[in-house]
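The values are calculated or read from the model by the stated rules, or taken from the named source; none is laboratory data. What you see is a predicted model; the values in this text were computed from it and never measured. Cβ coordinates were reconstructed from backbone atoms using ideal geometry, including for glycine residues, and neighbour counts include every protein chain displayed. What goes into the accessible areas is simple: the full protein's heavy atoms, side chains included, and nothing from ligands, DNA or RNA. Shrake-Rupley method; radii C 1.70, N 1.55, O 1.52, S 1.80 Å.
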Amino acid sequence: MGFVLVLLVVLLLVGLPVAVWLDLRNLADNNLRRQASDLNSIITSVRGYYASNVVGRVLAAPPGTMTRVVHNYEDIPGAIPIPATLSLELGKVISQQQHNIAYRFVSDYPFANRAPHPLDQFETDALRHLRGNPNQMISISSNSPFVDQVRWVSPVIMAQACVSCHNTHPESLKRDWKVGDVRGLQEVTITQPIIGNIFAFNYLLAYFALVALVGFIFIALQRRQAALIRGMNAELETANEFLASLSMKISRYLSPQIYKSIFSGQKEVTIQTERKKLTIFFSDIQDFTATTERLQPEEITALLNEYFTEMSKIALNHGGTIDKFVGDAMLIFFGDPETKGDAEDARACLRMAIEMQARIAGLNAKWRNAGIEQPFRVRMGINTGYCNVGNFGSDDRMDYTIIGAEANLAARLQSVAQPGHIVVSYETYALVRDAVVAQALPPITMKGISREVIPYAISGFLDATGQTVQVFSEHQTGLDFYLNANMIDANNTAHIRKVLEDALKALDKGVPAVQTATS
């Protein structure tokens, strides 16, 4: 359809000059025919007038009658009209035969026995100009919505015979004529209806009609196509909304980094892995099974979902890739699909763990106030090493995860950590040692790793000045305690000190009391 429309437009563009040329040729032919017809009619009228009013009168005169040339020739046998009379009467004959052509022979000095010739303003002005300069032709055009008209004026010049006649004729109003004077004027008026000219353009009108038809067809096709496009857009919009909703739902099952890399086309959804150096984080809630026995399923579900939600926010803020939730445990790694270098990945992981412990302290205080006797106590382990990372599974279902002994080591380090504390491997400690304070723990071994692993328990970190900032974290029945002196506002120091002193006094007295200091 598009090709047909293009071809039709090309043909129409080519057809315009052809239609104009055909109409111009037709118009020229019609004008020539009309001029020929008008000239033939005028000549015929002149011949007829001459035959009846001149030749006929001479032949009809009695023998021996002398032919005279007078203005009142009809009253005298054998007489013929003078030129002025001839012109006046020819004007009547021509006007009767040709409705679009009028001829007038007028003068402001008619013979006394003739009716005066009324002159309009154009004729009066023309006569005045011609008497000033007889060697000119004067014309005027007038237009109306339906008729065009041209009036052509030429002077009537007095010859010697005319001067002799007019200066001696008893009915002449002027008797001082000279040769070359302008006695009057003769005027030819041609009228042409506009409608005739319009319909002379047969081919052009047909062309415009064809263009209009094609235009209407094109508009109809465009409207139809627009309606189809609107329908398709509505369907696409519905499909896009569905896909956006589906995409949003799918994103809940993937880490944002993985989701972004898949939907942006950076990663292919195929079974493919690569070996990378990662920093792996593993956390677990101590005695989670015992906690679930004390709480209703609805309560433990709400607590666990809130815990994972808060921990996930912190992980994403620090650039961690959330691998999975395994029961109450979390596996997070740094270094894929985006990495800032081994050292910075390790620092980001450690900062994440410290912030998580601080947030857990706040959650425990909130939950205990809500009636939860023994909230969560979380252990965390961090290790840095090479793992296989990528898509594992089948062609029908796969999981983006990490596999390797180094990932298992992170889980093992978590198991030796005290609740509320962070334990890292030497490989991680070597990358962050300039930012933390840590104590070496007894070496451990594990299946799949031939070397002895020395765990390091993080007890604090160094601030911008190099000073040690200790973090105290303890959570057990009757106690929720987390203290990071570097995070305390100086305006609250006195209040916190008093709370701690009151807590120590209560502990010394052995009075059961619950005091909570959080920051």
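Distance from the alpha carbon centroid of region 51-98 to that of region 106-183 works out to 22 angstrom. Each peptide in 300-311, 221-232 was scored by the mean count of other Cβ atoms within 10 Å over its residues; highest first, the order is 300-311, 221-232. Here the extension length gained between residue 179 and residue 369 equals 54.8 nm, from 0.36 nm per residue of separation less the Cα-Cα distance.
What FRET efficiency do you get for residue 299 and residue 274 if R0 is 25 Å and r is their Cβ-Cβ distance, rounded to the nearest 0.05? So the FRET efficiency works out to roughly 0.05. For the pair residue 221 and residue 7, label points projected 7 Å from Cα toward Cβ lie 1.1 nm apart.
Using r as the Cβ-Cβ distance of residue 136 and residue 76, and R0 as 41 Å, what FRET efficiency do you calculate, to the nearest 0.05? Plugging the Cβ-Cβ distance into 1/(1 + (r/R0)^6) gives 0.60.
Here the 3J(HN,Hα) profile of region 166-171, calculated from phi with Karplus coefficients 6.51, -1.76 and 1.60 at θ = phi - 60°, is 5, 6, 10, 6, x, 9 Hz, Gly and Pro shown as x.
Can you bin region 110-172 into rounded, prolate or oblate? Criterion: square roots of the alpha carbon gyration tensor eigenvalues sorted a ≥ b ≥ c, rounded for a/c under 1.5, prolate for a/b above b/c, oblate for the rest. Display every interim value, and only then the final one.
Numbers: a/c = 3.28, a/b = 1.88, b/c = 1.74.
Verdict is prolate for region 110-172.
Extension gain for residue 66 to residue 16 (0.36 nm times residue separation, less C-alpha to C-alpha distance): 11.2 nm.
Pulled fully out, how much extra length does the chain show between residue 454 and residue 120, if you take 0.36 nm times their separation in residues and subtract their Cα-Cα distance? Intermediate results must be reported in sequence, preceding the final value.
Working: separation 334, 0.36 × 334 = 120.24 nm, distance 12.75 nm.
Once the chain is fully extended between residue 454 and residue 120, it gains 107.5 nm.
Measuring nothing but alpha carbons in region 375-436 and taking Rh as the Kirkwood radius, the Rg to Rh ratio lands at 1.11. Placing 421, 495 in order of accessible area, with the largest value first and a 1.4 Å probe, yields 495, 421. Each residue, residue 237 and residue 306, gets one label point 7 Å from its Cα in the Cβ direction; the gap between the two is 4.1 nm.
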